[in-house]
Every structure is written in structure tokens, then in C-alpha cells.
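Just so you know, all these numbers are worked out from the coordinates, no wet-lab data involved. Note that the structure is predicted; figures quoted are calculated from it, not measured. Cβ atoms come from the backbone with ideal geometry, glycine included; neighbour counts cover every protein chain shown.
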Amino acid sequence: MGIAIEIVKITIDSIPTELKNPTVKRIHLEIGKLAAVVPTSLQFCFEVVTKDTILEGAKLHIEEIPVWAKCKNCGYFWMATEPIFMCKKCDSGAVEIVSGQELDITGIEVDDNGDDSSDYLF
Ligand SMILES: [Zn+2]
């Protein structure tokens, strides 16, 4: 639930104040598989917290980022499928997680409900 509220806050802060009557249509997110976010439950929480706000009805477009790990010992680089991080090549525990922990808003689509009905993408 906290993440959904955070997304709502960031989105509202990102909307230019000159838009008179904005409606948020879609929010693009990048979520790493290690971020411990289940997309379907995030979508559900998002719908609950956006009720009666300008974000009501907005869709979440979630792109899942795979986990990439790199061994600091031998330099081996691989896509990890489970959260046990030992080098597959040399069994070293000196493994660095290169990606998979992100939770980023990469874009927000807003309809300003104005005459030209143009969309804004941030
Ligand atoms: Zn290694």
C-alpha cells in the first residue's frame, strides 16, 4: 500500500501546475524483480488509493526488470532467477546485484482536458 501512495504523491507533484483540469491516463513504471512488488497487488492498491482523486481510472504500465548479477571475483555476469547469489562459475559469494531492485516512474501520461485535447508525457 505504501508504494501505491508514494506513486500517487510523485505523480501529483510531477503534473505541471498550469494544467487546469488534468486527468492522469497512464503511469509507466519500471519495477525490478527484487523490489518485492507484485504487479497485480500494486494495481489493486493503486485503484484503492486513487479513488476520488485526479488519478482515478489511471492505468499502471509496469515493466519488470530482470535481476542481473555480477561476480566481483571472476567477473561472470548472469541473469539470476532466484534470490541466492553465489557465483555460478566460481562459487564466490562476492556477488553484486546490478539490476532488479529499481522502482522507477519512467513516464506519466496526462490529458489536460483542454480544447486541443493534447496529451502530456513526462
Ligand atoms: Zn565468480
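Using 10 Å bins from zero, what percent of all Cα-Cα pairs in the chain falls into each bin?
Going out from 0 Å in 10 Å bins, the chain shows 13, 35, 23, 17, 10, 3, 0 percent.
Could you give the alpha-carbon Rg of segment 37-81 over 2.2 N^0.38 Å, rounded to two decimals?
This ratio for segment 37-81 stands at 1.86.
Can you compute 3J(HN,Hα) from phi for each residue in segment 51-68, using the Karplus curve 6.51 cos²θ - 1.76 cosθ + 1.60 with θ = phi - 60°, rounded to whole Hz and x for Gly and Pro?
Karplus-based 3J(HN,Hα) across segment 51-68 equals 4, 6, 10, 5, 8, 4, x, 5, 9, 9, 10, 9, 10, 8, 9, x, 8, 10 Hz.
Taking Cα atoms, how many degrees apart are the long axis of helix 2-14 and the longest axis of the chain, rounded to 10 and kept between 0 and 90?
Here the helix axis deviates by roughly 50 degrees.
What does the convex hull of the alpha-carbon atoms of segment 69-109 project to on average, in nm²?
3.5 nm²
Using only Cα atoms, find the angle between the long axis of helix 39-49 and the longest principal axis of the chain, and express it within 0 to 90 degrees, rounded to the nearest 10.
Relative to the chain, helix 39-49 is tipped by roughly 30 degrees.
Hey, can you grab everything whose amide H is under 5 Å from the amide H of Tyr76? Only 5+ residues off in sequence or another chain; H modelled, so Pro and N-termini drop out.
It is Cys71, by chain and number.
Among all the lysines, which ones have a C-alpha under 25 Å from Lys9's C-alpha, if same-chain residues fewer than 8 places away are not counted?
In chain and number order, the partners are Lys20, Lys25, Lys33, Lys51, Lys59.
Would you mind ranking Phe77, Phe46 so that the residue whose beta carbon has the fewest other beta carbons within 10 Å leads the list?
Arranged by neighbour count, lowest to highest, Phe77, Phe46 become Phe77, Phe46.
Considering only DSSP beta bridges with both partners in the chain, what is the antiparallel share in %, to the nearest 5?
Bridges in the chain are about 75 percent antiparallel.
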